[in-house]
Amino acid sequence: MKSKIGFLCALLFGQSTHIMAQLPQDSRRAGGIAVIPLSQNIQQVYYKQQQVLIIQSKDQRYAVFGIPLSTPFGPLQLQTNAEPIQIEVQTYPYAQQYIKLKDQSYVSPDQAQLERYAREAEEQATIYKSFTPSNWSTFPDFITPTKGKFNNSFGRKRFFNGEERAPHSGLDIPAPTGQKVIAPAEGIVVQTGNYFFNGNTVLIDHGQGLISMFCHLSKINVSKGQSVRQGDLIGLVGKTGRATGSHLHWGMSLNNARVDPQLFLKK
Ligand SMILES: [Zn+2]
C-alpha cells in the first residue's frame, strides 16, 4: 500500500514539475521575454523578418519572443500570418558598470583587431539569425551551466576605461578556471572558436532560433555538429578574450535578440 501511494505521489509530482518546466518567465522589458498566448488562426509570428519561436503548452499555443536590448519602452508590434500582435515594453533599471582594463587594445582595438572582430561578429550574427525547426513536445528545460554565485549582470551599461561600449548581453558566473561547464539544455553545437572579445567560445542551437553561448573558456570539450544532452560537459571555465577575471559568460538569444538567461531558469 505504502509503495502504491509513493508511486502515485511520484507520478503526480513528476507531472507537475514537468508542466512548470515548460515555458520561460514572461518579463516585458528590453532584453526580456514576452510569452504571448496565440489565437487559433495564428500559425507564424515575425519581428523584423525574424521568425519567432512558437510552442504548445497544454491546450494553448504561445509565441516566445525575445525583446532586443536596444528596444525603447512603449508599444511594440509583431507581424503574423493574420492580424498583428501588440505588446507593451516596460522600462527596466539596468545598472551601470565601470570596468578598468589593463590591455587598452580591448577598449580601442587597432585596424587588424577591428577586422578580426567584424568577421567574428558576422559569423555569430549568421548563427543568431538562423531558425532550425524543433521537434519538442515541450519547451526545453534549462539548468545553470556552471556552479557559482551570480548577480544581475545582464543588460548593464558598460564603460571600459571610461568609454561607453555595448551593454552586457549575457550573465556572468564567477568561477575558478578549470571548473566544468555543462550544456544547460539539449541541442546541437553550431560553432566553437577563439574570438577576440569572447575568447574560447561554444554556441549551441536548441531549435527555433533559441541559441546559447558560452565564453572565456580555458578549454573547449565539444566540436561543431555534435549533439549534446542537458548536463554534458562542453568546456572549462577560464578568462580568455576580454575578461577581467575567471568567469563564465552565458548568453541566450531568441529571434536574434540577446535576452536575460535567468528567465530560462526556474524561479
Ligand atoms: Zn560577460
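What to note about this one:
- Scanning region 135-155 for residues that are within 17 Å of the chain's Cα centre (by Cα) and among the small types (Gly, Ala, Ser) turns up 153, 155.
- Condition met for residue 175 (within 16 Å of the ligand (Cβ to nearest atom) and at negative phi): yes
- Restricted to region 156-260, the set of strands (runs of 3 or more DSSP E) holding at least 2 residues that are under 16 Å from residue 134 (Cβ atoms) and under 15 Å from the mean Cα position of the chain (by Cα) comprises 187-195, 199-207, 210-217, 247-254.
- Any hit, region 156-165, residues being of a type in the set (Gly, Ala, Ser) and within 21 Å of residue 254 (Cα to Cα): no
- Of the residues 159, 150, the single one that is open to solvent by 20 Å² or more (accessible area, probe 1.4 Å) and farther than 24 Å from residue 265 by Cα is 159.
- Complete set of residues in region 89-101 that are in a strand (DSSP E or B) and open to solvent by 90 Å² or more (accessible area, probe 1.4 Å): 90, 96, 98
- From the options 70, 39, residue that is farther than 17 Å from residue 263 by Cβ, loosely packed, with under 12 Cβ neighbours inside 10 Å, under 21 Å from the mean Cα position of the chain (by Cα) and at pLDDT 90 or above: 70
- Within region 194-242, being of a type in the set (Asp, Glu) and either surrounded by fewer than 18 Cβ atoms within 10 Å (Cβ to Cβ) or within 15 Å of the ligand (Cβ to nearest atom) (or both) holds for one residue alone: 232.
The values are calculated or read from the model by the stated rules, or taken from the named source; none is laboratory data. In this text the structure is predicted, and so the values were computed from the model without any measurement. Quick reminder, even Gly has a Cβ in these numbers, built from the backbone with ideal geometry, and neighbours come from all protein chains shown. Heavy atoms of the whole protein, side chains included, go into the accessibility calculation; ligands, DNA and RNA do not. Shrake-Rupley method; radii C 1.70, N 1.55, O 1.52, S 1.80 Å.
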